[in-house]
Amino acid sequence: MPMLKAEDVRFQYEYENEAPQIVLRGINLTVEKGSFVALLGHNGCGKSTLAKHFNALLLPTGGRVLVEGMDTAAEANTYPVRRLVGMVLQNPDNQLVSTIVEEDVAFGPENLGLPPAEIRQRVDEALAAVDMTAYKDHSPHKLSGGQKQRVAIAGVIAMHPDCILLDEPTAMLDPKGRQEVLDTICRLNREQGMTVVLITHYMEEAALADRVVVMEGGMVLEDGTPRQVFAQVDKLRALGLDVPQPTALCAALRQHGIDLPADLLTPEECAAALVQRIQDRKA
Amino acid sequence: MLSDITIGQYFPGNSLLHRLDPRMKLTLTLLFIVVVFLPQNWFGLLAVVAFLGGILALSHLPVKLLWRSIKPVLFLVAFTSVLNMLYVSGEGEPLLAFWVIKIYPEGIATAVFISIRIVCLIAGSSLLTYTTTPTALTDAMEYLLSPLKVVKVNAHELAMMMTIALRFIPTLMEETDKIMSAQKARGADLESGGLMQRVRALIPILIPLFVSSFRRAYELAMAMECRCYQGGEGRTRMKRLQTARRDWVALAVYVAVVVALIGLNILFGSSLK
């Protein structure tokens with residue numbers, strides 16, 4: 001059974017005196033357990049709206065969303081779904097509830113009505129998983145943005161979800177904070193097998209995923225591995241999206257007649273390919 | 001910086017007073033107010049001062065800290081003292097007679113008595129906020145107010161609101177700072193002009209602050225929903241408040257003090273006019 005499944009999902013905001021605003025126009029998407037999916041698309045393409053469908057914050061106006069086989073539209077499934085699918089939002093300041101870090105992490109498990117000893121254990125584990133144990137007695141407002149966002153992630157994983165949705169979690173962070181959060185996300189995915197859906201504007205972040213989904217106008221436009229998707233440099237640029245810098249460099253060099261592969265993602269791969277080209281020419 | 005402002009007045013420590021159960025501390029503080037108002041004569045008042053001194057010694061707080069909490073009420077103390085001196089009349093000759101003003105020794109005595117009472121009251125109750133974290137206080141309030149369920153007062157929601165308010169005070173302070181800088185950068189003048197002009201200058205700061213607060217509230221509500229928040233029903237707590245023997249001993253001491261003060265009142269009668 002897939003972790004998340006969207007079947008022809010449609011969604012529109014209804015207004016009283018105006019035409020409805022159509023946000024999603026028939027999305028079909030399956031996210032397997034343990035995968036790391038990056039969701040791309042420029043503002044207003046419906047990616048955040050789609051993410052909110054996966055934990056029953058929004059219900060589709062057409063089609064259906066299944067989370068581990070549970071239909072989110074059924075009211076009895078709302079909280080079981082939210083327990084399985086955690087969500088981290090963009091602004092870390094607006095998602096921390098308590099004045100003490102460890103009590104904030106405990107908020108979710110407390111809502112689940114778990115016994116105090118188990119909450120304690122989960123909080124300690126979650127803080128260790130995001131490497132924030134040293135700050136457990138601190139007040140959130142004294143932490144850096146990256147640290148706050150890691151606390152928010154700890155608050156989600158303390159609920160022991162199977163999947164975590166992150167809606168531009170690094171958009172408000174400095175480069176160091178971004179790296180901290182990304183490392184945490186990757187570790188959760190690789191070491192604990194957590195399913196990750198990452199919405200982002202940073203192509204370097206998307207390149208870390210094992211699958212990239214590009215949305216446009218409420219529809220899925222591209223869906224494949226980062227290599228397959230980013231190889232289509234012109235198509236992505238036409239959508240107003242960027243490609244990772246190494247991919248962009250190779251594309252630019254190829255235009256000048258230098259034969260380089262189109263699907264390079266990391267600076268290391270790019271450098272190796274360039275060295276190879278230079279040696280070929282010398283030989 | 002505005003954001004340097006401390007929330008509450010908590011003074012970290014590990015004294016007996018710090019370790020008492022916050023619920024018991026809250027109860028004892030209420031009891032202390034009774035204690036302060038019980039004495040009717042100087043012996044009783046002396047006993048209260050000695051008792052307060054004892055608690056203060058147990059709290060290991062610097063006396064300077066108490067001065068900080070008394071300072072704002074000094075005006076009130078002075079005001080009531082003057083009123084008492086003017087209005088309380090004695091039997092003997094007035095100490096001072098000038099126009100309609102007549103000051104009797106009894107008036108001065110009453111003024112001193114009431115002043116000591118007010119100072120004790122403020123000092124005693126501020127010990128609560130000095131030795132208890134806002135979070136612990138909120139938890140205690142939630143617990144002590146929970147019987148009000150019967151009259152449809154939701155103690156959990158009240159406590160939740162207070163927690164969120166405490167959590168967002170520094171965030172909003174920081175935001176105010178930012179908005180002020182932004183408006184100053186656009187030429188807003190916040191520091192000069194008369195009162196009305198200054199009040200008017202606050203509008204371009206308050207409006208963005210309100211708008212962003214509502215946006216924050218909306219997002220926080222969404223984040224709370226994501227974390228399965230469904231109100232107090234079926235919710236458990238990680239940290240359970242636990243009363244220890246010291247809490248009950250403290251309560252016993254307070255009750256003993258109350259009984260002793262009533263005894264002193266009966267023994268020496270009232271010296272108040």
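Derivation of every value follows stated rules applied to the coordinates shown; laboratory data play no part. Predicted model only: the values in this text are computed from it and were never measured. Here the Cβ positions follow ideal geometry from the backbone for every residue, glycine too, while neighbour counts run over all protein chains shown.
3J(HN,Hα) along the range A:16-31: 5, 10, 10, 5, x, 9, 7, 9, 10, 10, x, 9, 10, 8, 10, 10 Hz, from the Karplus curve 6.51 cos²θ - 1.76 cosθ + 1.60 with θ = phi - 60°, whole Hz, x for Gly and Pro.
In order along the range A:2-8, the phi-based Karplus estimate (6.51 cos²θ - 1.76 cosθ + 1.60, θ = phi - 60°) of 3J(HN,Hα) comes to x, 5, 10, 9, 10, 10, 6 Hz; Gly and Pro are listed as x. Taking every DSSP beta bridge that has both ends in the protein assembly as shown, the antiparallel portion is near 60%. Judged by the ratio a/c of the largest to the smallest principal axis of the C-alpha gyration tensor, chain A counts as oblate, that ratio being 1.5 or greater while a/b is no larger than b/c.
Taking amide hydrogens as placed 1.01 Å from N in the peptide plane, the amide H of A:Phe36 sits under 5 Å from those of A:Val196, A:Asp210, A:Arg211, each at least 5 positions away in sequence or on another chain. Each Cα pair under 8 Å and six or more residues apart adds its separation to the average, and for chain B the resulting relative contact order is 33 percent.
Charge tally for A:Gln276 (other residues, Cβ to Cβ under 12 Å; Lys, Arg +1; Asp, Glu -1): 0.
Whole-Hz Karplus values for the range A:178-190 come out as 4, 4, 4, 5, 5, 4, 4, 4, 4, 5, 4, 5, 6 Hz, taken residue by residue from phi with 6.51 cos²θ - 1.76 cosθ + 1.60 and θ = phi - 60°; glycine and proline positions read x. Considering only B:Glu219, B:Glu191, B:Glu174, the Gaussian network model of chain B with Cα springs below 10 Å gives its largest mean-square fluctuation to B:Glu191.
Using C-alpha pairs below 8 Å separated by at least 6 residues, the relative contact order for the range A:244-283 is 38 percent. For the range A:1-99, applying the loop criterion from DSSP together with a ceiling of 15 other beta carbons within 10 Å to the chymotrypsin sites (Phe, Trp or Tyr not before Pro) yields A:Tyr15. Across peptide A:89-95, the average count of Cβ atoms from other chains found within 10 Å of a residue's Cβ is 6. For chain B, the mean residue ellipticity at 222 nm estimated from helices alone is -23000 deg cm²/dmol, where every DSSP H run of n ≥ 4 contributes -39500 (n - 2.57) and the total is divided by all residues, rounded to the nearest 500. Projected onto their three principal axes, the Cα atoms of the range A:179-250 cover extents of 36, 29, 18 Å, largest first.
Write down Rg/Rh for the range B:159-213, rounded to two decimals, with Rg from the C-alpha atoms and Rh from the Kirkwood relation over Cα pairs. Here the Rg-to-Rh quotient is 1.08. Across peptide A:74-87, the mean count of Cβ atoms from other chains lying within 10 Å of each residue's own Cβ comes to 2. Residue separation of B:Leu241 and B:Ser89 scaled by 0.36 nm, minus their Cα-Cα distance, works out to 49.6 nm of gained length.
Take the Cα of B:Val34, go 7 Å toward its beta carbon, and the backbone nitrogen atoms of the range B:230-269 under 18 Å from that spot belong to B:247-266.
Each DSSP beta bridge with both residues in the range A:4-226 is either parallel or antiparallel, and the antiparallel ones are about 55%. In plain terms, the bigger the Kirkwood radius, the slower the diffusion; for the protein assembly as shown, with that radius from Cα pairs, at 25 °C and 0.890 mPa s, Stokes-Einstein puts D at 86 µm²/s. Normalised radius of gyration (Cα atoms, divided by 2.2 N^0.38 Å) for the range A:1-102: 1.17. Note on chain A: helix-only mean residue ellipticity at 222 nm, from DSSP H runs of 4+ residues weighted -39500 (n - 2.57) and normalised by residue number, equals -11500 deg cm²/dmol.
Distance from a point 7 Å along Cα→Cβ of A:Ala252 to each backbone N in the range A:209-232: keep the residues under 19 Å and list them by number. Correct set: A:230-232.
Take every Cα pair under 8 Å whose residues are at least 6 apart in sequence, average their separation, divide by the length of the range A:4-226, and the relative contact order is 28 percent. A simple count of charges around A:Arg25, restricted to other residues whose Cβ falls under 15 Å of its Cβ and scoring Lys, Arg +1 and Asp, Glu -1, yields -1. You can think of it this way: the chain between B:Ala256 and B:Leu76 has 61.7 nm of extra reach, that is 0.36 nm per residue less the Cα-Cα gap. The distance linking the range B:63-128 with the range A:13-50 is 69 Å (Cα centroid to Cα centroid, whole angstrom).
By the rule of a C-alpha distance below 18 Å, with chain neighbours fewer than 8 residues away ignored, the aspartates and glutamates paired with A:Lys176 are A:Asp93, A:Asp131, A:Glu168, A:Glu204, A:Glu205. Shown here: the range B:136-273, whose C-alpha atoms stretch 70, 53, 29 Å along the first, second and third principal axes, sorted largest to smallest. Listed cross-link partners A:Lys5/A:Lys148; A:Lys47/A:Lys235; B:Lys25/B:Lys239; B:Lys25/B:Lys149 are compared with a 28 Å cut-off, the Cα-Cα value being larger for A:Lys5/A:Lys148.
Average 1/r across all pairs of distinct alpha carbons in chain B, invert it, and you get the Kirkwood radius: 22.9 Å. Looking at the square roots a ≥ b ≥ c of the eigenvalues of the Cα gyration tensor of the range A:244-283, which shape do they give, rounded for a/c under 1.5, prolate if a/b is larger than b/c, or oblate? Judged from the Cα gyration tensor, the range A:244-283 comes out oblate (a/c at least 1.5, b/c at or above a/b).
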